[in-house]
Structure formats: C-alpha cells, structure tokens
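J.: What follows is a structure written as structure tokens; I'll ask about it next.
The values are calculated or read from the model by the stated rules, or taken from the named source; none is laboratory data. Worth saying up front: this structure is predicted, and the values here are computed from it rather than measured. Ideal geometry is used to build each Cβ from the backbone, glycine not excepted, and the neighbour counts take in all protein chains shown. Ligands, DNA and RNA are stripped out before the accessible areas are found, and what is left, the full protein with its side chains, is counted by its heavy atoms. Shrake-Rupley method; radii C 1.70, N 1.55, O 1.52, S 1.80 Å.
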Amino acid sequence: MRKKIVHYGALLAVPAFTIFATTNCVNKKAQSNTETNATALTDAPAQAPQNPLVANWTGPYGGVPPFDQVQVNQFKPALEAAMAENLAEIDKIASDPAAPTFENTITALERAGQAMNRVRTIYGIWSSNMNNPEFQVIEREMAPKLSAYSDKITQNEALFKRIEAVYNAPEKAQLTAEQQRLILNYYNNFVRSGARLDSKAKERLSAINQELAGLFTNFSQNVLADETDYVLELQNEADLAGLPASLREAAAGAAKTKNSKAPYVITNTRSSIDPFLTYSDRRELREKAWKMFVNRGDNGGKHDNNAIISEILQLRAERAKLLGYQTHAHWRLENTMAKTPERAVELMEAVWTPAITRVREEVADMQALAKKEGANIKIEPWDYRYYAEKVRKARYDLDQNEVKEYLQLEKLREGMFWVAGELFDFNFTPVNNVPVYHEDVRVWEVKNKTTGQHIGLWYFDPYARTGKRSGAWMNAYRRQDKLEGNTTTIVSNNSNFVKGKDGEPVLISWDDANTLFHEFGHALHGLSSNVTYPSLSGTAVVRDYVEFPSQLLEHWLSTPEVLQRFAVHYQTGKPIPQHLVDRIEKASTFNEGFETTEYLSSALIDMKLHLAGDQKIDADAFERETLAALGMPSELVMRHRTPQFMHIFSSDGYSAGYYSYLWSDVLTADAYGAFTEGSGPYDKEVAKRLHQHVFSVGNTIDPAEGYKAFRGRDPKVEALMRKRGFPVKEAAGAKKAPAKSKTKSK
C-alpha cells in the first residue's frame, strides 16, 4: 500500500521556477526547459505599459501574481518585451568597461531578468493548468523564440569572458563558499551550453536547440490532445460492475464535464484509469481503458509522437557530439550525483533483477487466484491491478476501498501541515486576499510557528480539468533569496484528483496520499530555503538529488501520529482502526515487483535511448526490442511508454535522468533510518539536522557533502533493498552508487 518513485511531476516545459525544470541552465532569469536556441531578437516590441504580465507584482506578501488580470493574448507581447529587456540588461553587463568582479558580473546576472521571471511564471502556469487551443498557438510560436533568447545569453562571448575571468581570479578564494559555488555554476553552465564553441558550431547548436524547442511543444500538445479527446463511455449499470461508489460518482461527473451522451465516462488520465483497472469486473472494458491510456501519442494521425521522438533523439545526439560528449546521456549526467550513465545503469540493473523476480511471484499468485475463481485466462496487463487487489484482500484482508474511507483529501492536507509544523516549525493559515487563476485554487500563508515570521505562500490546485496536464507537480512562482532584503518564496502543489459530488469529501487512495505527501515535500524544500542568491535557492539542485526531500516526506504519512489524527472516517469521524493500520504495514511491500518494474523499465528505456548515440531510432521498435532483451514481464507495461513519456520528451529536464527517482530513493531509505535510529519520526534533533543540511541549503553546497553532514556518513543502498522487500545481496554491485559525488568544473 505504499507508493514509490511513481511521481509524475517532472514533465512540463514551463518557467524557471518549476521543480521539474532543468537545473543546468544559465541562471534563474533565463531558465526553461525550452531555452535552447538563438536568433536576433533586437526587433522585439517595446514593453506595453498596460500589460500586467510584465509589471511588478503588487499586493501583500511582497507582491503576488496578478492572475485575475491575465488574458491569453497578453502572453506574446509580454514575453517579447521581457526578452528584449533582459537582453539589454545582459548587454550592459557584458559591455561594462570596468574589470570583471563578482559584484559587477555574477551578482549583476542574479539581479537581471526580473520581468522575464514574472512573465515566464504565469506563462508556465497557463501551459500546465489552463491550456487551450488559443494558448497552444502561442506556445508553438514562442517556443523557438524563447530558445533563441536563451542561447543569445549563453553565446554572448563578452559575457562569458567576464564570467571566466571571475572564475579564474585569485580573489575568488576570498569569497564566501556560497559565492564560490555560484561562480562555479555559472561557469560550468555556460561551458556546457556551448560558450567555448566557435561561431560556426554555435550557429549549428542554436539551430538544433531551436528545432528541439518546437518539437518539445508539439510532443506535449499531442499527449494533451489524446488525454482530452479519448474517453471510455459506460452506458449502463452492467458497465459499472465492481466500481466503488466514489468512482461511479466521479465517472458521472466526468460525463457532464465532457458533455457526453453516455451517463458515465472514464477519462484518459491516470487518476481515472488506474482505479478503473483496479475495480472493474468487466475485463473487456478494462482492456479498452488500458489500451486507450498506454497508446497516448501512439495512435497514428496528427497527434502521433513517434516521428517526433526520432527527431528529438537525433538532434540531442548531434548536440552532445558538438559539445564534446560521447552521448546525450553523458552530457546530462556530468553535473549530477551519478556523474556517468554507467553508475546510474549499475544501480538500475542491481534493482531490476530482484524486481522482475518478484513480478513472476506476483503473477503466479494472481494466476492461481483467477483459476480458483474459474477464470480461464492468462494474466494480461489490463488484469494486473484487478487481480493484485484481489490477492491483497485475500492475503492481508486488506481492501483499498476500506482504507480509502479514511483518506479524505482535506484531512490529509491538514496532516501535511501538521507534519510541517513538527519537523520545520511551519504554520499554515488560509488567505483570501490574493487572486487565483481558477476557482479550484486556494492559498495559505506560511509562517514560523515560534517567531511568527512570514515564510511564504502555498497555492494548492488539487483537481483535474480540461486543459490541465496529468500527474502531480510542484512549482515555485518566486524563489527565496536575500540578495536585496529578504524575498520570500511562493510555491504551489498541483494534482489531478477527481471531484465527486458537491459538498462531499474527496476520498483518495493510499497511493495518491503518498503522492500528495511527495509533492508537498518538494514544496517544503522550497519553503525551507535560506540562501542569498536566487539561482541557488530551494529546489534548484541537481536532478538526482531533487527527488530526495520529496520522497523522504512520504514516510510521515504512515506514522501513527498522522493516521490517528487525520486518517479519520469520512462519515463517523473515527480514526483508522489499528487492525487496519497493521494490515497496511504487513502489506507495505506487496506488489513491489509491479511498482518497481513499471517504473524501472521506463528509466532503463530512457537511459538506453540516450546512450544509443546517433543511430536512427524507431521508438516503438526500440521500446519493444529493448524490453524483450531486458526480460520485461509481458504482464505489465512501462509506467510511461515512449510516445507519452513527458518527462524526457517535453523538455530536456529529465532526459537520461528518469533514473533519478531510484537514485534519490537510496538516499531516502537511508535517511529515514536516521529518525528510526533516534527517537522516532519526530526526533527534533534529527529534524534540525535535516533542515540545516538538506532542506534549507538549496544548491549552495555539494549535495553529497550535504547528505553526509546530515547523516554522518555516505548513504547505503542496502536500505533501499530492505525498504522494497528485496534481497540485500542482490545490490552488492551498486553498493557505492550514490556516494562521494563531487561537482567538478570543466
């Protein structure tokens, strides 16, 4: 009953301050998953004074986004004005006649691009939450322009010479450790973005990046189209066989939203498909639902993504060679904890073997139960969740529907707040004096419980709707920094829970509750930030470390303190009974083969696609043949099949990096041991160390050193294997995988 590494947040090519945005961009002003090309932008129109997207944020809490003033037709002029303003700032820094110093070069870059930050934040929010055909036209047009803008910064030769001079200056040794790391990041990011290439190579790099930006946008829009256009209609009571009342109500609500003639509709998103596959007694309908979902982006026609994938992979391979790397994977992993694809693959392969072994055991149990019930079938992927739930109930007397009655979305939100108060001394108070972009969105002010100091704002957008992408994620609308005074952060958590009847509590599964805590962990990472420079703030850490704080917070859902206070029955208000908690604990590693293999197959395909170099890839064939070579069980499918793999094809963000969830979970499993070895999950001293060395430091220190300062040693992979119920001996080859990483300059 525990959810692991199935986070679906890392998927959107949105603004600088998004948890899934790439962390190796030039700076927070230019950062974006689509920032990858250059053409002259000097003819961009001047800022329109009336455009609220460009203006300074006003209102309480240091200013808030003017969501109530946004119109889609404002985005293009706002982006163009902000790009022009930022490029003028960059030119001023680059042409400064004074000798380069930390203050007039690095700090100046940190201060630049404020208008762009504001515009890109709101633009990204609309892309991921309020996307419609009118907005998509603007996305397609602006993607290459935004890419051009970014490359115009990283390819500014005079600017790079100043950064390089500061990097090589003897005076650097006199600066603070945070300042030295900031210099290192700027220098490495510019070099990795092609700052040292000759003019011809820079021109080709820009062309590649610009084309990629357009392809990323097309890929994302195609997946969204298939999620929007395809539904499974249920016509009568027979079609609802096995479905719990909450799912029936959600399907009825979806039918109204979709204006369907059918009385019930299952939408093409994970939040609808997974529970349908778990409970529907109608095998032929399960098969239809499963095929509808796994074929997103793979249906032929104008929304098919296979040709786009091939183009993206070719361009990435060419770019990597142009930058001096063997493959795209080698380029991407250079500045991560893993450092090399080989180390990431070593860890994945160590876990893969016990995972598929466990799948075979799980399938055998399901097959036996199906036979006992008189079903003369072979377990297929659309049967896995259905029969797994039956086995769970038979073996552990544990019914997820029974558990779900104690998991109210709003009560669990209160539980997260309580955990944040116990671990980090945070207090959350609802506020109604700030605008929101949709009526579903609510806002809380975060303060320090002890001092009353304002920490930031937390926006919550929990429900699915048309134009909102699948999954769950965290954004930072504004990063914390102390560059000029004290800028407090604004963060959000976004989910896709399905609304039920008006006035009734939304009940969620145990897996969804874990996801809720996971994403809130990202938010706490941002809220805890206490650094000086914005581009080092909050979640702006290396890709295979950023999931560590979020996955760690999942552990607190199952603590008795949370369950007894906040897992209360939606009708009686009574806390979840201990016998049910005991069953949840006994079943904690149940179906672990499925969970791990589903995830890990996606991570391995991602890595192998990007290690293939410049060979021409047929995405469907590559996926099929590679999985066969790995011994992928036929009874399940990748969590994210290639044609809908938004993490790796909607941006560069998680490309060759989906392994990060497993890498981070090594840290997670090991780190929670610090609490269990102490006085328990709410050990104040351990929590203080966690805040001091992990949650508050952003990217001001090497993550491996930060972890070691918290834990007192390097992490051990054995903790991960025990957490998943796998034999520890299977992990011997990867024992040292996440240890002793160092960030190196080129």
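J.: Taking the highest mean first, how do the peptides 411-418, 91-98 order by number of other beta carbon atoms within 10 angstrom per residue?
T.: 411-418, 91-98
J.: Sticking with this one: Take Arg624 and Lys371, extend 7 Å from each Cα along the Cα→Cβ direction, and tell me the distance between the two endpoints in nm.
T.: 3.0
J.: Also, I was wondering about something else. Using only the alpha-carbon atoms, how far is helix 199-229 inclined from the longest principal axis of the chain? Give it as 0 to 90 degrees, nearest 10.
T.: 30
J.: Same structure again: Give the residue list of GluC sites (Glu not before Pro) in the range 590-622 that are DSSP loop and have at most 11 other beta-carbon atoms within 10 angstrom.
T.: Passing both the DSSP loop test and the Cβ count: no residue.
J.: Please give the helix 660-676 orientation as an angle from the longest Cα principal axis of the chain, in degrees from 0 to 90, rounded to the nearest 10.
T.: It is inclined by approximately 70 degrees.
J.: Points 7 angstrom from Cα along the Cβ direction at Glu414 and Asp502: gap in nanometres?
T.: Those two pseudo-labels are separated by 2.4 nm.
J.: How much accessible area per residue does the chain have, in Å², with a 1.4 Å probe?
T.: Details: 26360 Å² over 746 residues.
For the chain, the solvent-accessible area averages 35 Å² per residue.
J.: For the range 319-443, compute the number of Lys pairs whose alpha carbons are separated by less than 24 Å, excluding pairs fewer than 8 positions apart on the same chain.
T.: The number of close lysine pairs in the range 319-443 is 9.
J.: Distance between Cα centroids, the range 82-131 to the range 647-723: provide it in whole Å.
T.: If you average the Cα positions of each part, the centres end up 31 Å apart.
J.: With Cα Rg over 2.2 N^0.38 Å defined as stated, name the option among (i) 1.48; (ii) 1.16; (iii) 0.91 computed from the structure displayed.
T.: Identified label for the calculated read-out: (iii).
J.: Based on the Cβ-Cβ distance of Gln564 and Glu718, what FRET efficiency does E = 1/(1 + (r/R0)^6) give at R0 = 30 Å, to the nearest 0.05?
T.: Working from the Cβ atoms, E equals 0.45.
J.: In the range 216-333, with Lys and Arg counted as +1 and Asp and Glu as -1 at Cβ, which of these residues, Phe293, Ala251, Val265, has the Cα nearest the positive end of the dipole, that is, farthest along it?
T.: Value computed over the given set: Phe293.
J.: Moving on. Give the separation of the Cα centroids, the range 396-475 to the range 562-585, in Å.
T.: What the calculation gives is 20 Å, centre to centre.
J.: Rounded to a whole number, what % of the accessible area of the chain do carbon and sulfur atoms account for, probe 1.4 Å?
T.: Answer for the chain: carbon and sulfur cover 49 percent of the accessible area.
J.: Could you please put His525, His438 in sequence from largest to smallest accessible area, using a 1.4 Å probe? Working shown, then result.
T.: Working: His525 0, His438 45 Å².
Result, largest first: His438, His525.
J.: Oh, and also: Among 678-686, 478-486, how do they line up by average Cβ neighbours within 10 Å per residue, starting with the highest?
T.: Put in order of decreasing packing, that is 478-486, 678-686.
J.: For the residue pair Ala241 and Lys291, what label-to-label distance in nm results when each label sits 7 Å from Cα along the Cα-to-beta-carbon direction?
T.: 1.9
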